[in-house]
1. Semi-axes of the equivalent ellipsoid of the stretch 310-351: what are they in whole Å, largest first, if each equals the square root of 5 times a C-alpha gyration tensor eigenvalue?
2. Which of these, 213, 172, 180, has the largest mean-square fluctuation under a Gaussian network model of the chain (Cα springs below 10 Å)?
3. Mind checking which of 32, 22, 100 is farthest towards the positive end of the stretch 1-108's charge dipole, using Cβ charges of +1 (Lys, Arg) and -1 (Asp, Glu) about the Cα centre?
4. Output the DSSP H helices from the chain with an along-axis C-alpha extent of no less than 20 Å and a mean Kyte-Doolittle hydropathy no less than -1.0.
5. Pick out which of 304, 244, 339 has the largest mean-square fluctuation in a Gaussian network model of the chain, springs linking Cα atoms closer than 10 Å.
6. When the chain is fully extended, how far beyond the present Cα-Cα distance does residue 332 get from residue 74, taking 0.36 nm per residue of separation?
7. What FRET efficiency comes out for the pair residue 24/residue 254, r = Cβ-Cβ distance, R0 = 35 Å, nearest 0.05?
8. Using just the Cα positions, wrap the chain in a convex hull and report its mean projected area in square nanometres, one decimal place.
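The values are calculated or read from the model by the stated rules, or taken from the named source; none is laboratory data. Small disclaimer: the values here were computed from a predicted structure and weren't measured. Virtual Cβ from ideal backbone geometry, glycine too; neighbours counted across all protein chains shown. Just so you know, the surface numbers come from the protein's heavy atoms only, side chains and all, with ligands and any DNA or RNA stripped out. Shrake-Rupley method; radii C 1.70, N 1.55, O 1.52, S 1.80 Å.
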Amino acid sequence: MIPDPLEFVGRALVARGALVEAPMPDGLEAILPDDLARDEGIGDAVVLVARADPTRPGAIACGIGTAMLERHVARAREQCPRGDLRVRGGVRAGHARSLAERFVVRNGKVEIRDVGPSSGIYALATVAWTVEADDRFEGLVDLAFDPVSGALVDPQFVSFVADMGEPDIPVALSPGLVEAAAGMIARRIPARLDAVIAPIAAQIERRAARDHARIVGYYEALAVEAAGARRRLEAAALAARIAQFARERDGKLAELGGRYTLRIAARLATMRWVDTDRARVAVRMVRRKSHRDLDLHLPPGAHQLDRLTCEGCDCSTAAPALCDEHLHVLCEACAPVAQGRLRCPACGALG
Ligand SMILES: [Zn+2]
Ligand SMILES: [Zn+2]
């Protein structure tokens, strides 16, 4: 979905500490912190409207073409630099054909029907992540794919593009393509982050467990010591003392929970769109008496064909199996054994 300009400005202000409410149609009321109001050159309590409205004097217009919107779009661009590129030539049809000849469908045959030049757009996203607990960790993960098919592109293509140098003028994108790309990033990044963060989480968990054991052991020792001295203590006083230890211990353990709770954040750090020539191999995948036609692609610099998207789980696969019913493309996890009738998650989802 293309964001509504007014909503976009409203969100941008909220992200910088403003309070924004929408009490009227086509309008927002915003209360800004002093420094933000100064920075924006507007009052600290303002009305934002989609377009200039003589019945609302003093209201600030935020629609397409307004200074307010342009300022916020420019700021958003700074936060997520976009460097687009056009790649012309470099199509290796022969190489694509020889890779396609070795392309494996685990339970079917592949017939090559046509090989030739074509073009396409790839989305190259870099996501910056941070994990904070008792310590701070940060890093980047890349995701490069064809937003039309979801196919993952060989990292060699990303290196090839990185070596191409200066970004070009922006690639023209349809809203549908941007939406598809945003959806794929949102669906695929969590799994990528999980893989990166798992060892960090394990390390933090080990430290938390060690501190937990230390606190529990310390108060246990205090309780044992108090019980050992029971001849000098009344039973009631001893019980009160032990209850006191338990409270102190629980307080310390609760603090520990806060200190070792993972706070994970991720944001799109850069987004590149690459409009490139590439080789296309039209193949027919044949399973028993059915077939399905698909295109495989090889962009410049890539050593491998783009990896098809599994229709069962949305990950990617270099050696798919096909389901019997609709010839859905399934990855090694969704169809670990390709012999016999497959249980197809994609057909399951169709009901
Ligand atoms: Zn799968
Ligand atoms: Zn299926």
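1. 14, 12, 8
2. Taking springs between Cα atoms under 10 Å, the residue moving most is 213.
3. The residue sitting farthest along the positive end of the dipole is 100.
4. 175-228, 235-259
5. For the chain, modelled as a Gaussian network with Cα springs under 10 Å, the answer is 244.
6. 88.5 nm
7. Working from the Cβ atoms, E equals 0.20.
8. 29.2 nm²
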